[in-house]
Amino acid sequence: MARFFDVHPVDPQPRAISQAVQILRDGGLIAYPTDSCYALGAVMGNREALDRIRQIRHLDDKHHFTLVCREFAQLGQLVDMPNDVFRAIKAVTPGPYTFILPATREVPKRMLHPKKKTVGVRIPDHPVVRALLAELGEPLLSSTLLLPDEEEPLTDGWEIKERLDHAVDAVIDAGECGSEPTTVIDFSSGVAEIARYGAGDASRFE
């Protein structure tokens, strides 16, 4: 059974965040709120959690996983960004955007797109995620909590707990956080291509 943490959306309780992070460090998989919708999260090198996310979401090996970062210093260690791309990303972060970029050697190969060697990265703007990332001290391997054959991501903490009680190790509920996934911008070719329209305004990348 998954642990359930009911936290304040703006000022999350440090004890709950600390306990959730310990579950992550112990190899657990969590469901957590972001500035776009709920997501599944684990520590970056957790191979078992990666497989569990694939199983929950029925993903193939071409799916772009996302590394959720607290700040640009972390982001720069994980992906290669020319100066113009760096400026474009910095202009809209933190926020509900995911950027696909060539990965550095810091990123485990199992996370990468098999042909492109790319990975998704983002810096979210949500107090709960930022508290998690601050306590964890490293990026979070992440994927939108969108179940197979469903149009909309799950948005209610208790429903997530009921439906994924034996599939995840913890659920962090901070109330409503929206049902629209991030806008995905693919910079892997060197220019911005909109791979998915979502919560973030895509007009500056068109």
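Comparing Pro124, Pro82, Pro181, which has the greatest mean-square fluctuation in the GNM of the chain with Cα pairs linked when under 10 Å apart?
Pro82
Might you report the magnitude of the Cβ-based charge dipole of the chain about its Cα centre, with Lys and Arg at +1 and Asp and Glu at -1, to the nearest 20 debye?
940
Tell me the Rg and the Dmax, in Å, that the Cα atoms of segment 41-119 produce.
Rg, Dmax (Cα atoms, Å): 13.0, 37.
Relative to the first principal axis of the alpha-carbon coordinates of the chain, what is the inclination of helix 127-136, with its axis defined by its Cα atoms, in degrees from 0 to 90 and to the nearest 10?
90
Angle, helix 47-57 long axis vs. longest principal axis of the chain, Cα atoms, 0 to 90°, nearest 10?
It is inclined by approximately 90 degrees.
Using the Cα gyration tensor of segment 102-145, with a ≥ b ≥ c the square roots of its eigenvalues, what is the shape: rounded (a/c below 1.5), prolate (a/b larger than b/c) or oblate (neither)?
prolate
Out of segment 112-206, which trypsin sites (Lys or Arg not before Pro) are coil in DSSP terms and have no more than 14 other C-beta atoms within 10 Å?
Answer in residue order: Lys115, Lys117.
How much accessible area per residue does segment 12-113 have, in Å², with a 1.4 Å probe?
Value returned for segment 12-113: 45 Å² of accessible area per residue.
Below 19 Å Cα-Cα, how many Lys pairs turn up in the chain? Only count pairs eight or more apart in sequence, or on different chains, if you could.
For the chain, the number of qualifying lysine pairs is 5.
How big is the equivalent ellipsoid of segment 1-144 along its three axes, where each semi-axis is √(5λ) from the Cα gyration tensor, reported in whole Å from largest to smallest?
Semi-axes (√(5λ), whole Å): 23, 19, 12.
Kindly give the semi-axes, whole Å and largest first, of the ellipsoid equivalent to segment 135-206, taking each as the square root of 5 times a Cα gyration tensor eigenvalue.
Rounded to whole Å, the semi-axes are 28, 16, 12.
If I histogram all Cα-Cα distances within segment 68-206 using bins 5 Å wide from 0, what percent of pairs lands in each bin?
2, 9, 18, 21, 21, 16, 9, 4, 1, 0
The values are calculated or read from the model by the stated rules, or taken from the named source; none is laboratory data. None of the values given here were measured: they were computed from a predicted structure. Virtual Cβ from ideal backbone geometry, glycine too; neighbours counted across all protein chains shown. In case anyone asks, the SASA skips ligands and DNA or RNA and just uses the protein heavy atoms, side chains included. Shrake-Rupley method; radii C 1.70, N 1.55, O 1.52, S 1.80 Å.
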